[in-house]
1. How charged is the neighbourhood of B:Gly216? Take every other residue with its Cβ under 14 Å from the Cβ of B:Gly216, and add Lys/Arg as +1 and Asp/Glu as -1.
2. To the nearest 10 Å², what's B:Leu89's accessible area with a 1.4 Å probe?
3. Quick one: accessible surface of B:Arg135, probe radius 1.4 Å, all protein chains present, in square angstrom to the nearest 10.
4. I'd like the antiparallel share, as a percent to the nearest 5, of DSSP beta bridges with both residues in the protein assembly as shown.
5. Would you pull out the residues with amide H under 5 Å of A:Ile2's amide H, same chain only if 5 or more places away, H placed 1.01 Å from N?
6. To the nearest hundred square angstrom, how large is the accessible surface buried between B and A, total for both chains, probe 1.4 angstrom?
7. Less than 22 Å apart at the alpha-carbon level, and either on another chain or at least 8 residues along: which lysines does that give for A:Lys146?
8. For chain A, what's the relative contact order in percent, using C-alpha pairs closer than 8 Å and at least 6 residues apart?
Protein chains: 2
Amino acid sequence: MIELYDLVGASDVRFSPFCWRTKAVLAYKDIPYTTVPIRFSDKDKLAFSGQDRVPVIKDGDKVVSDSWAIAKYLEDKQREPRIFPGLGLQEACRFFNLYVDRTVHGACFPLVVSDIFAKVDPADRDYFRTSREERLGTTLEAMAAKRAEHRPKLQAGLADLEATLAGQDYFFGVLTYTDLCLFGTFKWVTAVSDEPLFSSTPALRAWWGRMRERLGL
Amino acid sequence: MIELYDLVGASDVRFSPFCWRTKAVLAYKDIPYTTVPIRFSDKDKLAFSGQDRVPVIKDGDKVVSDSWAIAKYLEDKQREPRIFPGLGLQEACRFFNLYVDRTVHGACFPLVVSDIFAKVDPADRDYFRTSREERLGTTLEAMAAKRAEHRPKLQAGLADLEATLAGQDYFFGVLTYTDLCLFGTFKWVTAVSDEPLFSSTPALRAWWGRMRERLGL
């Protein structure tokens, strides 16, 4: 059975958006798996993968890291239901994936970073604070205090997603990796935070319900 | 023959990115057309279309406005070569189209707006200055003076496009409306400005050459 090395916080909370992408693909394809919980401070346990970031999967002798590479691996391993169900869709999904990483995560991160800090494993708190404060150029407390300032950017990003979805069940009409990728983002935000996501975006809210039901996650 | 109402500046320069999208589709499908030059101050000449923005096409009795609606109309009119060549690609192209409108144009506009002002028809200068200064919240001259400040945002946007394209001939692997849409953006920028676009993005520069050759534009 596939083993997924999955980021874990206190009280077994699973919040990595990249690990959620992999879990969404596994659920969509109904591929059985178990998870190996990994804290930030357990990075040495990933040394076998030749790098130090989750997700990593072990499938027998095969080791694959990086959520995008894992998605392609799983699509090759078990074709149906396809996450790239036609010509050009793997490339289109790769573009959407980049958009989520840059634009959607960029808009979410300042809002939820202090929430994540509250949920990481106690052993990870120092590492998380130091690395994230360096990335942000300010303290976690300062970011938490500026929540209201960061909210409009996230709401603008969600409005763009709402506009894309309007009149469709899935982002590219049919369900593709694009939906699974974005699903991971919202699992991340909702796992750690009470930040309201869908109050002004009814199509996105309906999509979120549809995805949760379809994936059972 | 199809008539395209096409924005025109001084010396017959054609710079609207949205009109270029339509011309790119017409060229790709090898559909013959003529253009009717329209200045900003000629908007009343578009009244027959029920709105006041270019592009508008007249195909016999049929009138279609909005570059996205025109793209779909032309795809229905003449199927081959297809701009949405498979399942999910119309929706994926619509997302990319929105991304270009919001993100790519948002990054280009502050850099080129004063260049556009220099190229609009003399009759359009007052309208252009007033409307754009209102949108920008500052003067065209102030924007021109801040060119260097705005350049990193455009270069970051181009770097994302470069990353998307890496190893592929077209953005979704095969040529789709995505390429034609973005082609319109670069025709816009290069028609009015000397702003360097491709100095740090070799894959994008090669794609630009490939598109120009393929479309003959």
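1. +4
2. 0
3. In the full protein context, B:Arg135 sits at about 150 Å².
4. Expressed as a percentage, antiparallel bridges in the protein assembly as shown total about 55.
5. A:Thr34
6. 2000
7. Qualifying lysines at Cα under 22 Å: A:Lys119.
8. Details: 274 pairs, mean separation 61.3, N = 217.
Rounded, it is 28 percent for chain A.
The values are calculated or read from the model by the stated rules, or taken from the named source; none is laboratory data. Computed from a prediction, not measured in an experiment: that's the story for all the values here. In this analysis, Cβ positions are derived from the backbone assuming ideal geometry, glycine residues included, and neighbour counts consider all displayed protein chains. Just the protein is used for accessible areas: all its heavy atoms, side chains included, with ligands, DNA and RNA removed. Shrake-Rupley method; radii C 1.70, N 1.55, O 1.52, S 1.80 Å.
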